[in-house]
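The block underneath contains the structure these notes are about, expressed in structure tokens.
The values are calculated or read from the model by the stated rules, or taken from the named source; none is laboratory data. Every value quoted in this text rests on a predicted model; they were computed, and no experiment measured them. Reconstructed Cβ throughout: ideal geometry from the backbone, glycine too, with neighbour counts over all protein chains shown. Ligands, DNA and RNA are stripped out before the accessible areas are found, and what is left, the full protein with its side chains, is counted by its heavy atoms. Shrake-Rupley method; radii C 1.70, N 1.55, O 1.52, S 1.80 Å.
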Amino acid sequence: MGSMDTPQPTTTTVENSNNNSTTTLSNGHNHHHLDGFNEHHQQTPVVVSSNRMEMIMTSESDLSRKRKGSNGSSNGGVGGYPLEVGTRVLCRWRDGKYHPVKVIERRRMHCGGPSEFEYYVHYTECFVSFNRRLDEWVKLEQLDLDSVEADVDEKVEDKATSLKMTRHQKRKIDESHVEGHEELDAASLREHEEFTKVKNIATIELGRYEIETWYFSPFPPEYNDSLKLYFCEFCLNFMKRKEQLQRHMVDGKKNKVYGQNLCYLAKLFLDHKTLYYDVDLFLFYVLCECDERGCHMVGYFSKEKHSEEAYNLACILTLPPYQRKGYGKFLIAFSYELSKKEGKVGTPERPLSDLGLLSYRGYWTRVLLDILKKHKSNISIKELSDMTAIKAEDILTTLQSLELIQYRKGQHAICADPKVLDRHLKAAGRGGLEVDVSKLIWTPYKEQG
């Protein structure tokens, strides 16, 4: 294709509401060609911080020391400069406070001098330590070099840390460490974490949003040097430069490429998603917000065409800018409505991400307890499964976690005190957007011509 002149980009300053920072972005005109539809519009990217977790504040008594490292003038600490991989040190986070981190990797910058290295760090405070979402590259001036500690034996450190925790805290951490890793043995888990320990893509631009990524995604080698990628929100093709995005052609018939690109995009926000290159085995249900410019993807779930394990959902994602709007709950409810249409019970494919597990537990709790509140006579787990299309094992574990199951005379009995049900329903929160089943027009895959 011949080149086209690109209008001189304007500069727009956008406030990031999550961390009170301001980012300046270049904004140009985008040209998208969708099956003959040519649209000329101007987009203003909105900066969105995808990390919604608050860091636990380190006590002021621990941080009362002078911050010599804040101006990069001190080379103090154990081991000298540059810092070695495995070093533990305090790092200034976006909240302006210092938090303990471990150096996972380092790289040399083009500039020389004291700041020629930057460091990829993992925040190690309490519950945050088992989720790598907050890992990031930081500069030397963000580190307190007076707090540098040499790398210690992790088994000894873990034992010492364990002694300081309450029993409740240790149980919470153990649960969060196991959930999402069920199908990986210890060796496979270590291999996975080593291979994916450093995020390769820091940010993406998708439509009007610039989004900070959460995890590593195995993009082709030619993208290894790209800290930022530009996604077309209509076909999901990704490019290194915004000029490529503004000029590229979109062929709406390339569903296979779309599915593969959707998997690449999703992996940036799902830690233990398996990347499927053979997308022919799956159906993708993409949820969009629609306006005068077209339909903009907010999330999706995938489903195997034929699942021997009765999985009704393989992978689910709501993009960070659209989270907390009820879309994830809607997609989960929608997947179960499809199972009802098929006349089957279903369950999501394991392992579930931490956020996925929370969403499913909330959905199961709301659906099951709502039925128990309205049902005055005895009801069995099988009857609940037939009514909801939820697998019996998921019903049992949900009711057990809520302490609503008792084992009597060789059988499980459901104890449904109305006040207890109301308390659990309140804790589960609202159900999000409702699926209007009367508008659902869908034929199971096996019945399609």
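What tally of residues in region 413-449 results from selecting those that are at pLDDT 90 or above, open to solvent by 90 Å² or more (accessible area, probe 1.4 Å) and assigned to a loop (DSSP other than H, G, I, E, B)?
Qualifying residue count for the region: 1.
Would it be correct to say that T318 is crowded, with 19+ Cβ neighbours inside 10 Å and either more than 22 Å from H272 (Cα to Cα) or among the small types (G, A, S) (or both)?
Criteria not met by T318.
I need the helices (runs of 4 or more DSSP H) fully contained in region 164-264, keeping only those with at least 1 residues that are crowded, with 16+ Cβ neighbours inside 10 Å and either at pLDDT 85 or above or touching a Leu at 6+ places or on another chain (Cβ under 6 Å) (or both).
Once the helices (runs of 4 or more DSSP H) in region 164-264 are filtered for at least 1 residues that are crowded, with 16+ Cβ neighbours inside 10 Å and either at pLDDT 85 or above or touching a Leu at 6+ places or on another chain (Cβ under 6 Å) (or both), what remains is 242-247.
Quick test for you: out of Y363, Y336, pick the one residue that is in the same structural domain as S401 (by the TED database) and in a helix (DSSP H, G or I).
Exactly one residue qualifies, and that residue is Y363.
For Y300, are the conditions met, namely being outside the structural domain of L358 (by the TED database), out of contact with any helix residue (DSSP H, G or I) (no Cβ under 6 Å at 6 or more places or on another chain), in contact (Cβ under 8 Å) with a residue 24 or more places away in the chain and open to solvent by less than 30 Å² (accessible area, probe 1.4 Å)?
Criteria met by Y300.
For region 341-360: of the residues being over 16 Å from G299 (Cβ atoms) and touching a residue at least 60 places away in the same chain (Cβ under 8 Å), which is surrounded by the most Cβ atoms within 10 Å (Cβ to Cβ)?
P351
Sort out which residues of region 370-392 are farther than 16 Å from H412 by Cβ and surrounded by 19 or more Cβ atoms within 10 Å (Cβ to Cβ), and write them in order of number.
Answer for region 370-392, where residues must be farther than 16 Å from H412 by Cβ and surrounded by 19 or more Cβ atoms within 10 Å (Cβ to Cβ): T388, A389.
I'm checking my understanding of the structure. Among residues of region 271-311 that are aliphatic (A, V, I, L, M) and in contact with a Phe, Trp or Tyr (Cβ under 8 Å, 6 or more places away or on another chain), which one is nearest to G346 (Cα to Cα)?
Restricting to residues being aliphatic (A, V, I, L, M) and in contact with a Phe, Trp or Tyr (Cβ under 8 Å, 6 or more places away or on another chain), the top hit is L283.
I'd like the residue in region 393-412 that is in a helix (DSSP H, G or I) and of a type in the set (S, T, N, Q) and, out of all such residues, is farthest from Y360 (Cα to Cα).
Q400
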